[in-house]
Amino acid sequence: MPDSTIVTRFAPSPTGYLHVGGARTALFSWLLARHMGGKFLLRIEDTDLARSTEQACTQLLEDLRWLGLHWDNPQLVYQSRRTEIYNKLIDELIARGQAYRAYETSEELDRQRQIASRSKRQYRYARPKLADEQIRQYEADGRPHVVRFAVPVKEYRFDDVVLGPNQGYGPGEAQDFVIRKSDGMPTYHFAVVVDDADMGVTHILRGQEHLLNTCNHIALQEALGYPRPTYGHLPIIMNLDGSKMSKRDRDKKIRHSVGLWLKQGRKVELLEEQAKLPQGRLAQWLAADTSQLDLPEQARVMEVIGLTRGDLPEILVHDFKENGYLPEVLLNFLSLLGWSPGGDRERMSMDEMVHLFAIDGIGKSNSKFARDKLLAFNTEACAAAPMSRLIPAFREYLSVNPESPLNGADDAQLQRVLKMNHGFHILREADEKSRFLFVADAEVEYQSDAIEKVLKKNEGQGLGALRDVRQALTGVETWNAAHLEQAVKGFCEQRQLGLGKVAQPIRVAVSGTTVSPPIFETLEFLGKTRTLARIERCLEECAKG
RNA sequence: GGCCCCGUCGUCUAGAGGCCUAGGACACGGCCCUUUCAAGGCCGCGACACGGGUUCGAAUCCCGUCGGGGUCACCA
């Protein structure tokens, strides 16, 4: 039994928070392992020294934990700590003539590729034929080199469990690719093959962008005497507009907004100063389209140019956490992007997904990420979830939204907020709609258009209603929603007024806006003293001007 | 551009030759409920990319066209 147990893995590179594409890959690998009773392993592919950061790694693990995709290897595998292992193998390959040192610089190669593309030729790396003496000279000069794998010229075909049999390419397509970079680190291709073999990985699910890489990996496996794992290449998740979804979308949006901001005649230096960035940082970022600001930098720049979190596209798992989606719902939605349990089945718990998951259910075509449906799923799930689920979820949401005054609420208060906001889409909605409940009476901000529309319009009709209903409220002995409703409705009847004509003025008076949770529950929550104090203050503010 | 992958409502998909006058979900439209924003209930609109075959019969098989995507790095 242990021999036939399947082992899957997720192998992200720590260059930032996890994005939804990566999350889906992780999910499918996790589901496959759980469904089959196998193992799901996590490995950190941090061979790109320039881009990998420890912070990104921490964030990645946090996201995975939040999603509930727990891995089975207590000891994480970091590729950057395994260079000795790779080097030993690479040296052996060199000794056997299956790999060789190559001395071209990146610039030289770039130039060759350019020449080829200008003359509309297909560029192919030609294995250099260096004389021994030449090599000795290069080495004596201390010329940097990479190690390339001497790919045997032949056909590389494999069966893909998602895309079908006979994938790959024919002879003559393969090129000698780099397996060790000039900085001494292995490339992805090499490390991935070695580690998957070392970790006993039997099933590899990954994005379709890796389809052709598989040929390189197979060639390496054959040279190293490794077994070939089962491959499945997942369709790609696209943006609604058809462009590829990537972490850069966020940066792109900020870049665009910064562009607009600067167009209004403002200086880069000013932005740098206000965003507390080192001199030249922005210019450097703006000059290179593919470079990105890190998260704290983004936050500071956004603040200066007036961009809020809600303006950014949700593409990182972290964005969904910040906006208050339930992780299990995100996962359910993600699972449906490229997979179907068949029939009409859509809403699934984690357990149900594990139970139903099957590779045959994975589709071949790319899908677009439309968050409307996710929103609907989340709404339903939140409406159906017990408080024992909602409160911890709300706490998690609040922990990444420290600016919310709801952070000061206790569980009982949170529960009341959740109940009175029943029907919300995301936790952010319940939060933002309820913040006025947790600020001091004097801090309530009155929106001028709300005051105008509800209180001052029609010769201050609303204002009059508010003044009068205050009396009725003052007389309420038992301050709860039921009694308040009775009192206010009685007042309305007496005055021949629709409830809306009275409820809206009260709403504006206590919340400062035209939108709040249901009014009687709101007033109950606020309590008599605070309700009356707010009405008082509102009346005063209006009297002022 | 070469090579490769894909193509069912706006979106995610069910569909493995007759069960399909193509099912579900989300979105959208209408009505109902209603103290705001929501949520909820009911009804509706809406697709087999196109053209050829194969077959008694095709969304399902084959070919071509078109469309979308991936990949051609010392990034993964």
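The values are calculated or read from the model by the stated rules, or taken from the named source; none is laboratory data. Bear in mind the structure is a predicted one, so any value in this text is a computation, not a measurement. Neighbour counts are summed over all protein chains in view; Cβ atoms, including those assigned to glycine, are modelled from backbone coordinates with ideal geometry.
Quick check on my filter: what residues within the range A:383-405 are assigned to a helix (DSSP H, G or I) and either surrounded by 14 or more Cβ atoms within 10 Å (Cβ to Cβ) or among the charged types (D, E, K, R) (or both)? Spell out how you get there, then give the answer.
Step one: filter the range A:383-405 for residues assigned to a helix (DSSP H, G or I), giving A:383-384, A:387-399, A:405.
Selection gives A:R389, A:L390, A:I391, A:A393, A:F394, A:R395, A:E396, A:Y397, A:L398, A:P405.
A:G342 passes all but one of (1) surrounded by fewer than 13 Cβ atoms within 10 Å (Cβ to Cβ); (2) at pLDDT 95 or above; which number fails?
All conditions pass for A:G342, except number (2).
Scan A:K276, A:K321 and give me the residue that is among the charged types (D, E, K, R) and either closer than 30 Å to A:M348 by Cα or part of a helix (DSSP H, G or I) (or both). Step through it out loud before you land on a result.
Working: A:K276 fails: either closer than 30 Å to A:M348 by Cα or part of a helix (DSSP H, G or I) (or both).
So the residue among A:K276, A:K321 that is among the charged types (D, E, K, R) and either closer than 30 Å to A:M348 by Cα or part of a helix (DSSP H, G or I) (or both) is A:K321.
It is to be established whether one or more residues within the range A:196-208 are hydroxyl-bearing (S, T, Y) and either under 20 Å from A:G22 (Cα atoms) or crowded, with 20+ Cβ neighbours inside 10 Å (or both).
Taking the range A:196-208 as the starting set, the residues that turn out to be hydroxyl-bearing (S, T, Y) are A:202.
Okay, now just the ones that are also either under 20 Å from A:G22 (Cα atoms) or crowded, with 20+ Cβ neighbours inside 10 Å (or both), so A:202.
Yes, that holds for at least one residue.
Suppose the filter is surrounded by fewer than 19 Cβ atoms within 10 Å (Cβ to Cβ), aliphatic (A, V, I, L, M), at pLDDT 95 or above and within 16 Å of RNA strand B (Cβ to nearest atom); does A:L331 pass it? Show your work before the answer.
Details: surrounded by fewer than 19 Cβ atoms within 10 Å (Cβ to Cβ): no; aliphatic (A, V, I, L, M): yes; at pLDDT 95 or above: yes; within 16 Å of RNA strand B (Cβ to nearest atom): yes.
So A:L331 fails the test.
So for the range A:295-302 (the condition being away from RNA strand B (no atom under 16 Å from the Cβ), over 30 Å from A:P392 (Cα atoms), within 22 Å of the chain's Cα centre (by Cα) and modelled with pLDDT under 95), does at least one residue qualify? Before you say what the answer is, go through the steps one by one.
As a first pass, look at the range A:295-302 and keep what is away from RNA strand B (no atom under 16 Å from the Cβ): A:295-302.
Cutting the leftovers down to over 30 Å from A:P392 (Cα atoms) gives us A:301.
Right, trim to within 22 Å of the chain's Cα centre (by Cα) and you get A:301.
After this cut, where a residue has to be modelled with pLDDT under 95 as well, the list is A:301.
Within the range A:295-302 (the criterion being away from RNA strand B (no atom under 16 Å from the Cβ), over 30 Å from A:P392 (Cα atoms), within 22 Å of the chain's Cα centre (by Cα) and modelled with pLDDT under 95), the answer is yes, since at least one residue qualifies.
Taking A:D91 as meeting all but one of (1) under 18 Å from A:K181 (Cβ atoms); (2) among the acidic types (D, E); (3) under 39 Å from the mean Cα position of the chain (by Cα), write down the number of the exception.
Against the list (1) under 18 Å from A:K181 (Cβ atoms); (2) among the acidic types (D, E); (3) under 39 Å from the mean Cα position of the chain (by Cα), A:D91 comes up short only on (3).
Which members of the range A:110-127 meet the condition of being under 26 Å from A:L89 (Cα atoms), surrounded by 11 or more Cβ atoms within 10 Å (Cβ to Cβ) and either more than 8 Å from RNA strand B (Cβ to nearest atom) or free of Cβ contacts under 8 Å to residues at least 24 places away in the same chain (or both)?
A:R127
Go through (1) exposed (fewer than 15 other Cβ atoms within 10 Å of the Cβ); (2) part of a helix (DSSP H, G or I); (3) within 15 Å of RNA strand B (Cβ to nearest atom) for A:Y86 and report which single condition fails.
If we test A:Y86 against (1) exposed (fewer than 15 other Cβ atoms within 10 Å of the Cβ); (2) part of a helix (DSSP H, G or I); (3) within 15 Å of RNA strand B (Cβ to nearest atom), just (1) comes out false.
If A:D360 satisfies every condition in (1) among the acidic types (D, E); (2) in a helix (DSSP H, G or I); (3) under 23 Å from the mean Cα position of the chain (by Cα) but one, which is the exception?
(3)
Out of A:G527, A:G545, report the one residue that is modelled with pLDDT of 95 or more and exposed (fewer than 14 other Cβ atoms within 10 Å of the Cβ). Give the derivation first.
Numbers: A:G545 fails: modelled with pLDDT of 95 or more.
Testing whether each residue is modelled with pLDDT of 95 or more and exposed (fewer than 14 other Cβ atoms within 10 Å of the Cβ) leaves just A:G527.
Looking at the range A:128-185 only, could you name the residues that are near RNA strand B (Cβ under 7 Å from one of its atoms), over 19 Å from A:L109 (Cβ atoms) and of a type in the set (S, T, Y)?
Matches in the range A:128-185: A:Y169 only.
Pull up the range A:62-81, narrow it to residues that are buried (at least 17 other Cβ atoms within 10 Å of the Cβ) and not β-branched (V, I, T), then point me to the one that is nearest to A:S13 (Cα to Cα). Outline the logic, then answer.
Filtering the range A:62-81 down to residues buried (at least 17 other Cβ atoms within 10 Å of the Cβ) leaves A:63-64, A:66-67, A:69, A:71, A:77, A:79.
Cutting the leftovers down to not β-branched (V, I, T) gives us A:63-64, A:66-67, A:69, A:71, A:79.
Details: A:D63: 14, A:L64: 13, A:W66: 18, A:L67: 18, A:L69: 17, A:W71: 16, A:Q79: 10 Å.
Filtering first and then ranking leaves A:Q79.
More than 27 Å from the chain's Cα centre (by Cα) and surrounded by fewer than 16 Cβ atoms within 10 Å (Cβ to Cβ): which single residue out of A:A465, A:A412, A:A472 fits that description?
Details: A:A465 fails: surrounded by fewer than 16 Cβ atoms within 10 Å (Cβ to Cβ); A:A472 fails: surrounded by fewer than 16 Cβ atoms within 10 Å (Cβ to Cβ).
Within the list A:A465, A:A412, A:A472, the selection yields A:A412.
Those residues that are free of Cβ contacts under 8 Å to residues at least 60 places away in the same chain, within 9 Å of RNA strand B (Cβ to nearest atom) and either touching a Leu at 6+ places or on another chain (Cβ under 8 Å) or outside any strand (DSSP E or B) (or both), I need them from the range A:242-255; list them, please.
Here is the first cut: in the range A:242-255, the ones free of Cβ contacts under 8 Å to residues at least 60 places away in the same chain are A:243-244, A:248, A:251-252, A:254-255.
Now narrow it down to the ones that are within 9 Å of RNA strand B (Cβ to nearest atom): A:243-244.
A:S243, the sole residue that qualifies.
Is at least one residue of the range A:479-494 under 30 Å from A:E322 (Cβ atoms) and either more than 14 Å from RNA strand B (Cβ to nearest atom) or buried (at least 16 other Cβ atoms within 10 Å of the Cβ) (or both)?
So in the range A:479-494, the residues under 30 Å from A:E322 (Cβ atoms) come out as none.
The answer is no; no qualifying residue exists.
Using the structure shown, decide if A:G259 is exposed (fewer than 12 other Cβ atoms within 10 Å of the Cβ) and not aliphatic (A, V, I, L, M). First the steps, then the outcome.
On the way: exposed (fewer than 12 other Cβ atoms within 10 Å of the Cβ): yes; not aliphatic (A, V, I, L, M): yes.
Considered against the rule, which asks whether it is exposed (fewer than 12 other Cβ atoms within 10 Å of the Cβ) and not aliphatic (A, V, I, L, M), A:G259 comes out as yes.
Out of all the residues in the range A:223-251, which are surrounded by 15 or more Cβ atoms within 10 Å (Cβ to Cβ) and out of contact with any strand residue (DSSP E or B) (no Cβ under 8 Å at 6 or more places or on another chain)?
A:L224, A:Y226, A:R248, A:D249, A:D251
I'd like to know if the range A:470-481 contains one or more residues that are under 17 Å from A:T514 (Cβ atoms), assigned to a helix (DSSP H, G or I) and either of a type in the set (F, W, Y) or out of contact with any strand residue (DSSP E or B) (no Cβ under 8 Å at 6 or more places or on another chain) (or both).
no
Restricting to the range A:364-383, name every residue that is more than 7 Å from RNA strand B (Cβ to nearest atom) and either touching a strand residue (DSSP E or B) at 6+ places or on another chain (Cβ under 9 Å) or modelled with pLDDT under 95 (or both).
Selection gives A:F369, A:R371.
Among the residues of the range A:499-519 satisfying the criterion of being of a type in the set (G, A, S) and more than 8 Å from RNA strand B (Cβ to nearest atom), which is farthest from the chain's Cα centre (by Cα)?
From the range A:499-519, those of a type in the set (G, A, S) are A:500, A:503, A:509, A:511-512, A:516; that's our starting set.
Still in the running and more than 8 Å from RNA strand B (Cβ to nearest atom): A:509, A:511-512.
Values: A:A509: 38, A:S511: 33, A:G512: 33 Å.
Here the answer is A:A509.
What do you reckon, is A:F438 buried (at least 18 other Cβ atoms within 10 Å of the Cβ) and more than 12 Å from RNA strand B (Cβ to nearest atom)? Don't jump to the end; show me each part of the working.
Working: buried (at least 18 other Cβ atoms within 10 Å of the Cβ): no; more than 12 Å from RNA strand B (Cβ to nearest atom): yes.
Considered against the rule, which asks whether it is buried (at least 18 other Cβ atoms within 10 Å of the Cβ) and more than 12 Å from RNA strand B (Cβ to nearest atom), A:F438 comes out as no.
Going through the range A:335-363 one residue at a time, which ones are free of Cβ contacts under 8 Å to residues at least 40 places away in the same chain, under 17 Å from A:A26 (Cα atoms) and near RNA strand B (Cβ under 8 Å from one of its atoms)?
Selection gives A:L336, A:S340, A:G361.
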